[in-house]
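**Q** If you scroll down you'll find the structure; I have some questions about it.
The values are calculated or read from the model by the stated rules, or taken from the named source; none is laboratory data. Everything quoted here is computed from the prediction, not taken from an experiment. Note that we place each Cβ from the backbone using ideal geometry, even for glycine, and neighbour counts take in every protein chain shown. The accessibility values were calculated without ligands, DNA or RNA, using every heavy atom of the protein model including side chains. Shrake-Rupley method; radii C 1.70, N 1.55, O 1.52, S 1.80 Å.
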Amino acid sequence: MIQLEIVSTLSRLEALAPEWDALADRSPSPLVRHAWFLAAARTYAANSELTVFTARRDGRLRAIAPMVVDRSGLTPRLRMLGFQSPEPEAFLADDDEALEAVCSAVLSTGRAVVLPRLDAGSPEWRLLNELARRKGLAVPRPALKRYYMTVLQPDWAEFEAGMARKKRSDLKRRRNQLAEHGEIAFDVVSPDEDGVEAAFAELVRVEAASWKSGSRTAMVNRPLLEAFMREYARQAARQGKLRISTLRLNGQPIAVLMDVEHGGRLWGLKMGVDDRWAKYGPGVLGTHELIRWAVGRGLNGCEHLGEAEDWQRRWPFEERELSAFNFYPPSAAAAVALGRDLAGVAGRAAKRRLQRATASPPPAKRAA
């Protein structure tokens, strides 16, 4: 028999760590492990109510739907714990019946459910859509977002041979032009918990010198995001998984990347570049050197999380697709949420049409 519990306190969430990670061992992603969600719970608690659905069989934890009630808007909604980060979302399970139980529980609260970044091939996506037909209105949107993974080879020469000749030449040209301004160096460090602050602070400073600062998407413009990433960096460092890589020119950082090494891959979480050197592509050059390091370490992939960008396609890649799932039960609050969401979609579409009609296309985002 399945026993359901809703975890609503931080202390109870903290106590689940060993069982949670035993369940997460089934996934190659570090973003389903306890440290990721604990960092989110500690950081984003002000406007949300912890609502983690768990299912046990014979006392053993078998499925988790890590949710919160988001109260930041006029209408409360169920979202994934840590939804403020633009990363893939997932439930955890090693038991089909237990997964169905937590999916059903998520849909039975009387609240609207918003999950914008699920894998459409996952069992939770299938179950949520099947169960929703009996409980209310489901609005699935397959393949809404995507991101890329660079596929690595055991040998660096073999890996580079898999790149287009034009892309290899472009990287060589950029590096040679940058070298005209001084000495280029690249390093990867794995700071312990005591060393996190200095490494993370350098990432924040360099990111603040990029286009992200002007678009108000840098961590210095989003203090809660900065606090979340710092907290997660501490936990990843404690587990020996944090990797901070830096491209330097004459000893000064011009590109800093924050990754987590897990499951034979690097998972890219943050990048900062100094826009004074943007025409040389320091972000691209730093990523290329990080990929070289990963090949030498015997890893099999580099996951470029966040939004897919064209510059990430210069290396051999696989595409990951993420789908949205929204659900509205037959309740007054959910009806209000549906109305607001539909108005928001219509408003954003109208804004895009107006921008296309009245303005030239905006400049592309720069990773360099």
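**Q** Keeping to region 271-295, report how many residues are touching a helix residue (DSSP H, G or I) at 6+ places or on another chain (Cβ under 9 Å), assigned to a helix (DSSP H, G or I) and open to solvent by less than 30 Å² (accessible area, probe 1.4 Å).
**A** 10
**Q** Would you mind finding the one in G182, G195 that is more than 18 Å from H288 (Cα to Cα) and part of a helix (DSSP H, G or I)?
**A** None of the others qualify; the one that does is G195.
**Q** Looking at region 271-323 only, could you name the residues that are among the acidic types (D, E), under 18 Å from R168 (Cβ atoms) and out of contact with any strand residue (DSSP E or B) (no Cβ under 9 Å at 6 or more places or on another chain)?
**A** In the first step, residues of region 271-323 are kept if they are among the acidic types (D, E); the result is 274-275, 289, 303, 307, 309-310, 318-319, 321.
Retained after the next criterion (residues that are under 18 Å from R168 (Cβ atoms)): 289, 310.
Passing the criteria: only D310.
**Q** Can you tell which of F91, F53, F83 is without any contact (Cβ under 8 Å) to a residue 40 or more places away in the chain, in contact with a Cys (Cβ under 9 Å, 6 or more places away or on another chain) and not aliphatic (A, V, I, L, M)?
**A** Testing whether each residue is without any contact (Cβ under 8 Å) to a residue 40 or more places away in the chain, in contact with a Cys (Cβ under 9 Å, 6 or more places away or on another chain) and not aliphatic (A, V, I, L, M) leaves just F91.
**Q** A further question follows. Look at region 11-31 and say how many of its residues are in contact (Cβ under 8 Å) with a residue 24 or more places away in the chain, in a helix (DSSP H, G or I) and open to solvent by less than 30 Å² (accessible area, probe 1.4 Å).
**A** Looking only at that region, the number is 6.
**Q** Within region 163-221, which residues are among the aromatic types (F, W, Y) and under 19 Å from Y232 (Cα atoms)? Show your work before the answer.
**A** First, the residues of region 163-221 that are among the aromatic types (F, W, Y): 186, 200, 211.
Of everything in region 163-221, just one residue is among the aromatic types (F, W, Y) and under 19 Å from Y232 (Cα atoms), namely F200.
**Q** Out of region 134-161, which residues are over 27 Å from S27 (Cβ atoms) and either surrounded by fewer than 13 Cβ atoms within 10 Å (Cβ to Cβ) or of a type in the set (F, W, Y) (or both)?
**A** Across region 134-161, the qualifying residues are R134, D155, W156, A157, E158, A161.
**Q** Could you tell me which residue of region 120-133 is most open to solvent (accessible area, probe 1.4 Å), considering only residues that are among the small types (G, A, S) and under 23 Å from the mean Cα position of the chain (by Cα)?
**A** Ranking the qualifying residues of region 120-133, first place goes to G121.
**Q** If you check Q239, Q252, which single one turns out to be farther than 26 Å from P28 by Cβ and surrounded by fewer than 18 Cβ atoms within 10 Å (Cβ to Cβ)?
**A** Result: Q252 is the single residue among Q239, Q252 that is farther than 26 Å from P28 by Cβ and surrounded by fewer than 18 Cβ atoms within 10 Å (Cβ to Cβ).
**Q** Right, another one. Failed condition for G306, given (1) surrounded by fewer than 24 Cβ atoms within 10 Å (Cβ to Cβ); (2) over 16 Å from the mean Cα position of the chain (by Cα); (3) not in a strand (DSSP E or B), with all others met?
**A** Of the numbered conditions (1) surrounded by fewer than 24 Cβ atoms within 10 Å (Cβ to Cβ); (2) over 16 Å from the mean Cα position of the chain (by Cα); (3) not in a strand (DSSP E or B), the odd one out for G306 is (2).
**Q** Do the conditions hold for E183, that is, is it on the phi < 0 side of the Ramachandran plot, touching a residue at least 40 places away in the same chain (Cβ under 8 Å), open to solvent by 30 Å² or more (accessible area, probe 1.4 Å) and not basic (K, R)?
**A** Criteria met by E183.
**Q** Would you mind finding the one in G298, G339 that is in a loop (DSSP other than H, G, I, E, B), among the small types (G, A, S) and at pLDDT 75 or above?
**A** Testing whether each residue is in a loop (DSSP other than H, G, I, E, B), among the small types (G, A, S) and at pLDDT 75 or above leaves just G298.
**Q** Can you pull out every residue in region 219-236 that is among the small types (G, A, S) and open to solvent by less than 30 Å² (accessible area, probe 1.4 Å)?
**A** The initial filter retains those residues of region 219-236 that are among the small types (G, A, S), namely 227, 233, 236.
Selection gives A233, A236.
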